[in-house]
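Right, one structure below, let's go through it.
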Amino acid sequence: MLASESHGSGIPLLFLHAFPLSRRMWANDKPAFHRHFQFITMDLPGFGESAPVGETATMEAMAAQVLETMNKLKITDKCVVSGLSMGGYVALQLLKLAPERFRAAAFISTRANADSDEGRARRFQMIDFIQKEGLKPFAERMLPGLLGKSTLGAIIPMVAQQVKTWIESADPKAVCAALRGMAERPNMNALLPTLDMPMLFLAGEEDATIPPAEMEKMSKLAMNGKYCVLPRAGHLLNLEEPVQFQETFLHFLKGHVL
Ligand code: MLT
């Protein structure tokens, strides 16, 4: 069972975190959601307080563990699943495995495409780098892809410091296992048009990792998709622009779920 937290009651909202972070990345969003919803966060396999994993952590295996944890938590009501980046890759697998368990989905700074050959090669270079240098220099390398220029240029770089500390505290083996798992994830574009549920596609205007145009394209595959871009936000948009993120998400939930 994955380490998880659940607060409040009502329609369950499940938040899945980005690579290589943990459920802590959603902690500041709790007050905005837990009064009207059951706010659930989980540490994906190998991250945060969840148990270590083997060589490769595939998105399918992560999704199977999320489902198992939902069962253990006795979540029987249909959920809204929300995944940021790697969390979105896992959300797509969940929706493939058990679409009947979900009423809506939010894809944040993520994609349905598989890695290109170059993208896959970059993941294996990252594994070599982590094995040689460790997570501290890896965190430094990752930051420009995770945070927008507005966040990186902040006078008091609190968000950047926080994200760096989180990356440094991850388990290097789990980070490498997730990199291998992301490298072999399948293209999920064909799934989106088959899912009859409201979907939110949220991009950060300053996201250098998954540019808004890519998310806009993804949103067009959905039967019932709403695409939004948050100004001044990069990849980790809920940490960078929390108020905009919460308002946009709550607006979607009010209009399509409640
Ligand atoms: C993430 O934020 O989860 C990563 O950018 C995902 C990836 O490396 O594809």
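We did not get these values from a lab; they are worked out from the coordinates using the rules stated. Here the structure is a predicted model, which means the values were calculated and not measured. Glycine gets a Cβ as well: all are built from the backbone with ideal geometry, and neighbour counts include every protein chain shown.
Report the rotationally averaged projected area of the range 70-141 based on its alpha-carbon convex hull, in square nanometres. Before the final figure, lay out each step's value.
Working: hull surface 26.9 nm².
So the mean shadow area of the Cα hull is 6.7 nm².
Evaluate the range 4-91: find the radius of gyration of its Cα atoms, find its Kirkwood radius, and give the ratio Rg to Rh.
Values: Rg = 12.3 Å, Rh = 13.0 Å.
So for the range 4-91, dividing Rg by the Kirkwood Rh gives 0.95.
Build a GNM of the chain with springs between Cα atoms under 10 Å: which of Glu247, Glu55, Glu118 gets the top mean-square fluctuation?
Largest GNM mean-square fluctuation: Glu118.
Would you mind estimating how fast the range 140-212 diffuses translationally, via Stokes-Einstein at 4 °C and 1.567 mPa s with the Kirkwood radius over Cα pairs, in µm²/s? Numbers along the way, then the final one.
Working: Rh = 15.2 Å.
Answer, rounded: 85 µm²/s.
Could you pull out every residue, at least 5 positions away or on a different chain, whose amide H is within less than 5 Å of the one on Gly204? Hs are placed 1.01 Å off N in the peptide plane, and Pro or chain starts have none.
HN-HN under 5 Å from Gly204: Ser109, Leu230.
Specify, per residue and in Å³, the volume enclosed by the convex hull of the alpha carbon atoms belonging to the range 118-258. Present the calculation step by step, with values, prior to reporting the outcome.
Numbers: hull volume 17.8 nm³, N = 141.
Here the figure is 126 Å³ per residue.
Is the range 210-258 best put as rounded, prolate or oblate by its Cα gyration tensor, with a ≥ b ≥ c the root eigenvalues, rounded for a/c under 1.5, and otherwise prolate when a/b is larger than b/c, oblate when not?
oblate
Using the crude model of +1 on Lys and Arg Cβ and -1 on Asp and Glu Cβ, and no other charge, please compute the dipole size for the chain relative to its Cα centre, in debye to 20. Don't jump to the answer; show the numbers that get you there.
Details: 27 positive and 27 negative charges, 71 e Å.
Taking the Cα centre of the chain as origin, the dipole is about 340 debye.
Relative contact order for the chain: what is it in percent, counting Cα pairs under 8 Å that are at least 6 residues apart? Spell out each step's value before the answer.
Values: 525 pairs, mean separation 54.8, N = 258.
Here the relative contact order equals 21 percent.
Along its three principal axes, how long is the chain when you only count alpha carbons? Whole Å, largest extent first please.
Projected onto its principal axes, the Cα set of the chain covers 48, 40, 33 Å.
Can you give me the distance in nm between label points at Arg103 and Leu152, each placed 7 Å from the Cα along the Cα-to-Cβ direction?
4.0
Show that you can apply the helix-only estimate: for the chain, add -39,500 (n - 2.57) for every DSSP H stretch of four or more residues, divide by all residues, and state [θ] at 222 nm to the nearest 500.
Values: 11 runs with 113 residues, N = 258.
It lands at -13000 deg cm²/dmol.
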